[in-house]
1. Go through (1) in contact (Cβ under 8 Å) with a residue 40 or more places away in the chain; (2) assigned to a strand (DSSP E or B); (3) more than 17 Å from Met156 (Cα to Cα) one by one and return the number of the condition Ala31 breaks.
2. Conditions first: (1) among the hydrophobic types (A, V, I, L, M, F, W, C); (2) over 16 Å from Asp36 (Cα atoms); (3) at pLDDT 95 or above. Ala283 passes all but one, so which condition is the exception?
3. Within the stretch 162-182, can you find the residues that are over 25 Å from Asp303 (Cβ atoms) and in contact with an Asp or Glu (Cβ under 9 Å, 6 or more places away or on another chain)?
4. Just wondering, is there one or more residues in the stretch 221-236 that are of a type in the set (S, T, N, Q), in contact (Cβ under 8 Å) with a residue 12 or more places away in the chain and under 17 Å from Leu282 (Cβ atoms)?
5. Somewhere in the stretch 181-203, is a residue within 25 Å of Ile45 (Cβ to Cβ), modelled with pLDDT of 95 or more and small (Gly, Ala, Ser)?
6. Scan the strands (runs of 3 or more DSSP E) fully inside the stretch 121-187 and keep the ones with 3 or more residues being among the small types (Gly, Ala, Ser).
7. Just checking, which of Tyr56, Tyr70, Tyr88 is surrounded by 19 or more Cβ atoms within 10 Å (Cβ to Cβ), assigned to a strand (DSSP E or B) and aromatic (Phe, Trp, Tyr)?
8. Residues to consider are Gly240, Gly197; find the one that is at positive phi, touching a residue at least 60 places away in the same chain (Cβ under 8 Å) and either acidic (Asp, Glu) or surrounded by fewer than 18 Cβ atoms within 10 Å (Cβ to Cβ) (or both).
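The values are calculated or read from the model by the stated rules, or taken from the named source; none is laboratory data. Since the model is a prediction, treat every value here as computed from it, not as a measurement. No Cβ is skipped: glycine too gets one built from the backbone with ideal geometry, and neighbour counts run over all protein chains shown.
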Amino acid sequence: MNAFRPSPLFILAGLTVAGALPCSALTVDQALAQYDSLLGNYNAIVFGNAALKSGYGDTEGGLVVGGNLYVEGGALNTHANTPGLALYVGGQLINNGTELMLNSGYASLPNTSGTWDPATGHLTKGGKVVLSTINSSDPHKFIDPRSPALNPGFDMAAIKSEFSSLSATFDGLANNGSVSVIGQTLTFQASNPTTHGAIVFDFDASKLSGSTYKGTYFSGISINIANGDNYIINVLNANGKTLFGTGVNYNPGTNSDQLLWNFVGGGNVTLSNGGGFFGSVLAPKMSVSNGNNTYIQGQLVADQFSLAGAELHFTGFEEPYPTPEPSTYGLIGAGALFGLASWRRWSKRRSTARQA
């Protein structure tokens, strides 16, 4: 899996960037780099409520939830071995009586009820352990996660606004890719094979029904983009849709860390092919769920999120060029820069995706 390199993660609220352009004026490479910088090392950023249930195993990266998090056991931050904020829940942390194990980093749960035992690193409710930090090596693991000292003060509304602006920027890009069914394979490819850089597709989900696209059956998905190129799939009219039919063979290629699924608009969408859904998912106004035990192999941003019978696997999004440290951007804003210098950024070395 991905290795790690040190670099601070900063989450921005009410962001003003000195000398920078608004999202609508960014080049595609600038927008992708800004997206990557905001997302950082988290496996998922959810603005509302999230649920990890029904056979959920683990989340390889960190997790930020603005609302309530319901979880049925499992482990969090399993592939990191660095200190820092690994779990933030703005509402209540709720479980079914099976504790959530924090394997690395520490938690901030400013509004969660319960009793904290600093000797064991256990948060309990009704006599049952909700969270255990005992396996973490972080120096803050025995501090009460409700402590103001651990609260990063995330402004989730401002963060959602920033991701929404980036989503609109990607949606406004000129389409230079094509989508068609070729030999029972739903194929995404550059309109011009010599085109390099960011390849942009408009994928109309209203034309998708189970395992047919525009009335033509497909049993596999192929994304033919050269290594080193980012590719953005703007998913349109996805409300109420399922991507994709059960048993559809999803072949992501070797550079799924450069794939961004941008879900345009609001509503709800289900990711369900019975295997892995590869790539980074940007759906800041949508409720996202999985079906048929489909696991997520990438990073995710959503308004609401529900995962059942599967795991969140971390494959970090690979921006088109190295993202500068936050100071390079000249960040300013009315007390609007929030961050934790101890949190370490993961490197994005490409590797073969781990299967469920």
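1. Just one mismatch for Ala31, condition (2).
2. (2)
3. Scanning the stretch 162-182 gives Asn175, Gly177, Val179.
4. Yes, there is a match, as at least one residue in the stretch 221-236 is of a type in the set (S, T, N, Q), in contact (Cβ under 8 Å) with a residue 12 or more places away in the chain and under 17 Å from Leu282 (Cβ atoms).
5. Scanning the stretch 181-203 turns up no residue that is within 25 Å of Ile45 (Cβ to Cβ), modelled with pLDDT of 95 or more and small (Gly, Ala, Ser).
6. 177-182
7. Answer to the check: Tyr88.
8. Answer to the selection: Gly197.
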